[in-house]
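Okay, so here's the structure we're looking at.
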Amino acid sequence: MKFMYRHTEYHRSDRIGWLRASVLGANDGIVSTASLLIGVAAANASHATLLVTGMAGLMAGAMSMAAGEYISVHSQADTERADLSRERAELASDPKAEHLELANIYMHRGVSPELAHQVADQLMSHDALGSHARDELGISDTLTAKPLQAALASAASFVVGAALPLAVTFFAPEHSSVRWISAMSLVFLGTLGAIAARAGGASVITGAWRVTFWGALAMGVTALVGHLLGAVV
């Protein structure tokens with residue numbers, strides 16, 4: 001009696017949708033809120049003004065992220081549905097041409113002509129639209145656009161990210177708030193980059209460095225603008 005060994009693999013591609021939206025939201029929450037607070041603090045604003053500004057930035061940013069993600073991902077979903085509708089019509093009107101098209105795809109990937117036609121036969125008899133969606137259009141259940149999921153993930157992660165520098169502002173001494181917000185926000189960004197890289201199977205050091213560098217650049221530019229405007233006003 002023969003036993004078949006089952007090779008189990010662990011992939012992370014199914015996380016792409018929510019992971020991208022979550023990382024983008026949290027990163028934007030930290031960077032935009034910290035930059036906003038640093039810019040206002042550099043213009044010699046009061047502690048109360050900083051807190052009100054931070055709360056306003058948190059709410060506005062969360063709604064903006066949710067709306068932006070929903071609209072952009074929904075546009076992608078609309079395009080996918082239109083492509084699937086067009087493919088469904090082509091399958092109904094000219095199945096032989098679609099069969100040949102699918103077989104050619106496999107031949108270009110290195111499959112022999114005879115086997116490519118056999119594979120196309122079997123796949124199209126099982127799920128013709130799904131086969132063309134996956135191999136011709138690049139649309140699959142794993143990578144398909146999910147607008148609501150992306151919107152909720154972005155909004156929630158933005159709130160979490162923005163709450164971090166806002167909490168630092170609340171507890172930091174007023175005379176050194178800029179230094180505290182800057183330093184802690186860079187720590188938050190580095191941690192976020194490392195966690196995101198770990199979840200996606202990428203280099204933790206590269207992920208942390210990349211996020212921290214661009215966050216520091218954004219905060220530095222905003223601080224300079226706030227300092228210049230504060231000196232003028």
**Q.** Lone qualifier among R210, R198 - being modelled with pLDDT of 85 or more and among the charged types (D, E, K, R)
**A.** R210
**Q.** Boolean, L50 is open to solvent by less than 20 Å² (accessible area, probe 1.4 Å), part of a helix (DSSP H, G or I) and touching a Leu at 6+ places or on another chain (Cβ under 7 Å)
**A.** yes
Q: Scan (1) at pLDDT below 90; (2) small (G, A, S); (3) crowded, with 21+ Cβ neighbours inside 10 Å for the single condition A162 breaks and write down its number.
A: (1)
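To keep it simple, each residue is scored yes or no on (1) outside any helix (DSSP H, G or I); (2) loosely packed, with under 12 Cβ neighbours inside 10 Å; (3) among the β-branched types (V, I, T); (4) at pLDDT 80 or above.
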| position | (1), (2), (3), (4) |
| --- | --- |
| Y106 | no, no, no, yes |
| E114 | no, yes, no, yes |
| V119 | no, no, yes, no |
| L123 | no, no, no, no |
| D127 | no, yes, no, no |
| R134 | no, no, no, no |
| I139 | yes, no, yes, no |
| A145 | yes, no, no, no |
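Check E101, E80 and return the single one that is out of contact with any Phe, Trp or Tyr (no Cβ under 6 Å at 6 or more places or on another chain), closer than 30 Å to L24 by Cα and either in a helix (DSSP H, G or I) or modelled with pLDDT of 85 or more (or both). Reasoning before the result, please.
Details: E101 fails: closer than 30 Å to L24 by Cα.
Just one listed residue meets the conditions, E80.
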Q: Check segment 12-26 and report whether any residue there is more than 19 Å from V187 (Cβ to Cβ), at pLDDT below 85, part of a loop (DSSP other than H, G, I, E, B) and out of contact with any Phe, Trp or Tyr (no Cβ under 7 Å at 6 or more places or on another chain).
A: yes
Q: Read through the list (1) of a type in the set (S, T, N, Q); (2) buried (at least 20 other Cβ atoms within 10 Å of the Cβ); (3) at pLDDT 80 or above; (4) out of contact with any Gly (no Cβ under 7 Å at 6 or more places or on another chain), then give the number of the only condition that S176 fails.
A: (2)
Q. Can you name the condition, by its number, that I30 falls short on among (1) open to solvent by 50 Å² or more (accessible area, probe 1.4 Å); (2) closer than 20 Å to A183 by Cα; (3) modelled with pLDDT of 85 or more?
A. (1)
Q. Taking segment 71-104 as the region of interest, how many residues are out of contact with any helix residue (DSSP H, G or I) (no Cβ under 9 Å at 6 or more places or on another chain), open to solvent by 80 Å² or more (accessible area, probe 1.4 Å) and of a type outside the set (S, T, Y)?
A. 4
Q. Here is a list of conditions, (1) surrounded by fewer than 21 Cβ atoms within 10 Å (Cβ to Cβ); (2) in a helix (DSSP H, G or I), and A45 meets all of them except one; can you say which number that is?
A. (2)
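The values are calculated or read from the model by the stated rules, or taken from the named source; none is laboratory data. For clarity, every value in this text was computed on a predicted model and none was experimentally measured. Cβ atoms come from the backbone with ideal geometry, glycine included; neighbour counts cover every protein chain shown. Surface areas here come from the heavy atoms of the whole protein model, side chains and all, with no ligands, DNA or RNA. Shrake-Rupley method; radii C 1.70, N 1.55, O 1.52, S 1.80 Å.
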